[in-house]
1. Which residues, counting only those in region 322-332, are closer than 14 Å to Tyr343 by Cα and within 11 Å of the ligand (Cβ to nearest atom)?
2. Given the structure, is Leu25 within 15 Å of the ligand (Cβ to nearest atom) and in a loop (DSSP other than H, G, I, E, B)?
3. I need the full set of residues from region 252-277 which are in contact (Cβ under 8 Å) with a residue 60 or more places away in the chain and over 20 Å from the mean Cα position of the chain (by Cα), in order please.
4. So Leu217 passes all but one of these: (1) surrounded by fewer than 22 Cβ atoms within 10 Å (Cβ to Cβ); (2) among the aliphatic types (A, V, I, L, M); (3) in a loop (DSSP other than H, G, I, E, B); (4) at pLDDT 95 or above. Which condition number does it fail?
5. Out of all the residues in region 308-319, which are within 23 Å of Ala411 (Cα to Cα), in a strand (DSSP E or B) and either of a type outside the set (Gly, Ala, Ser) or out of contact with any strand residue (DSSP E or B) (no Cβ under 6 Å at 6 or more places or on another chain) (or both)?
6. Please determine, by comparing only the residues of region 291-307 that are within 14 Å of the ligand (Cβ to nearest atom) and outside any loop (DSSP other than H, G, I, E, B), which one is modelled with the lowest pLDDT.
7. Filter region 362-405 down to residues that are among the β-branched types (Val, Ile, Thr) and in contact (Cβ under 8 Å) with a residue 60 or more places away in the chain and give me whichever is farthest from the ligand (Cβ to nearest atom).
Amino acid sequence: MDVETEIHCDLAVIGAGMAGMAASLFAANRGIDTVQIGIASQIIFSSGLLDLLAVHPVEEGRTWDNPWEALDRLSGDLPDHPYSRIKKSHIRKALSETVVFLADSGLAYQVNEERNSHVITSLGTRKQTYYVPRTMWNGVQALHEKKPGLIIDIRGLRGFSARQITETLKPVWPGVRHERIEFPDMRSVQEMYTEPMARSLAVPENRKKLADIIRPLIKDARIVGVPAILGMQDSQDVQQDLEDMIGVPLFEIPTMPPSIPGLRIRETFEMKLPEKGVRLKYRNRVSRISKNNDEFLLEVGNDAPVSRIHARGVILATGRFLGKGLYADRKTIREPLLDLPVYQPGVRPEWHRFDFMDPRGHLINQAGLEIDNRFRPLDGSGKPADDNLFAAGSILAHQDWMRMKCGSGLAIATAYAAVNAFLKTTSKNG
Ligand SMILES: Cc1cc2nc3c(=O)[nH]c(=O)nc-3n(C[C@H](O)[C@H](O)[C@H](O)COP(=O)(O)OP(=O)(O)OC[C@H]3O[C@@H](n4cnc5c(N)ncnc54)[C@H](O)[C@@H]3O)c2cc1C
């Protein structure tokens, strides 16, 4: 085997989704020498909202205004759920450390500390979430106050119809109307994509052209909603500048994937983690892990030659099926990297319920790694597979993050728990 580089570190984080990014952030903030390896993740599909917990029990479809009360109920009902292994005060700290980092990097978030907020979706429905990007926050308040509003869509942008949004919203927000615009200088383009539009708004001249198109449509509206295209890393400046020019507050509505708020999060981590000392091996896959004495050896690379990473500890944040942290063949669900046992329904016919929309969800969405209270995956005998191997994020068993509306919160909180467990183990071992 040709080896291009040998890298030594304390901790290797595998995965570049929300769990892997958050784990690298927490590790760097605690002075741990960290290498992160990963390929494209679900972050670019995500709306940028940071859900904590909105639905429990899933089979009752019960929604919660106060996510912290929901967490109390969940820990009583589901002791194996990953949240039940983390103190509420630690979940708060994990989320707050993450949003402080994002805000310092130019991506500010807003929250009602003890309440979930309602955000308008691209279907015109309302979604409960916890931390909301500042670019969407005016919409949370407008929906609450029901002031006269205008929703704008863009010709050629698929999956975002202002008419559909306003029609669906009318019963809860009667004073909202819709308009369609042409995005400046893209009249000849038939199919519009969010990323070129967002990047074009970095140019002040383009912002002025957009403001000139929107201004005459405002009339009695006191707030304007647009698809989430208000810039990339400069989104707060873009929003402020446009608001100054049109004279009313603006808010973003999440679009279909790929999502600009998701891309903003990914780019922020990719730019800022190296400044904190994290060494990134993105666009790379870990193909093999072995252990030699007290050291993990990770072979990294899509083709030979590969890099070899020597690490004292590993956090596995490789996601579920989309991320390829779990693999399902015709009979069974496997964890492909270390062949760890996967909690799963007994036989394949039990993976999915007959009705795709069954409110109880599908058993396959509870599959994943079983862990102990220190977030160490268990081996076949129910003991930790290794003292220094930890897992975080959607690869963990006994949670259906999509139905419970807890995706990013779970990824962040479990990453925090895994990093702190690694710190404890290393300080114990000197
Ligand atoms: C469409 C969509 C919308 C969403 N909307 C929201 C939302 O509104 N609010 C919210 O809170 N959350 C949302 N989420 C969830 C959130 O974005 C995360 O997906 C979730 O939190 C799980 O993150 P994760 O890091 O555990 O897994 P993933 O995001 O799946 O990341 C796993 C990572 O591991 C990498 N990997 C796997 N195997 C290897 C290997 N061998 N070597 C190297 N790397 C490897 C993958 O490439 C990937 O980078 C949404 C997700 C999707 C898909």
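1. Matches in region 322-332: Gly325, Leu326, Tyr327.
2. Answer is no for this residue.
3. Lys276, Gly277
4. (3)
5. Correct list: Arg312, Val314, Ile315, Leu316.
6. Selected residue: Val306.
7. Ile371
One line per residue, one yes/no per condition, for (1) among the basic types (Lys, Arg); (2) touching a residue at least 12 places away in the same chain (Cβ under 8 Å); (3) assigned to a strand (DSSP E or B); (4) farther than 15 Å from Leu250 by Cα:
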position	(1), (2), (3), (4)
Ala103	no, no, no, yes
His118	no, yes, yes, yes
Leu123	no, yes, no, yes
Met136	no, yes, no, no
Lys147	yes, yes, no, no
Asp153	no, yes, yes, no
Gly159	no, yes, no, yes
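The values are calculated or read from the model by the stated rules, or taken from the named source; none is laboratory data. Everything quoted here is computed from the prediction, not taken from an experiment. In this analysis, Cβ positions are derived from the backbone assuming ideal geometry, glycine residues included, and neighbour counts consider all displayed protein chains.
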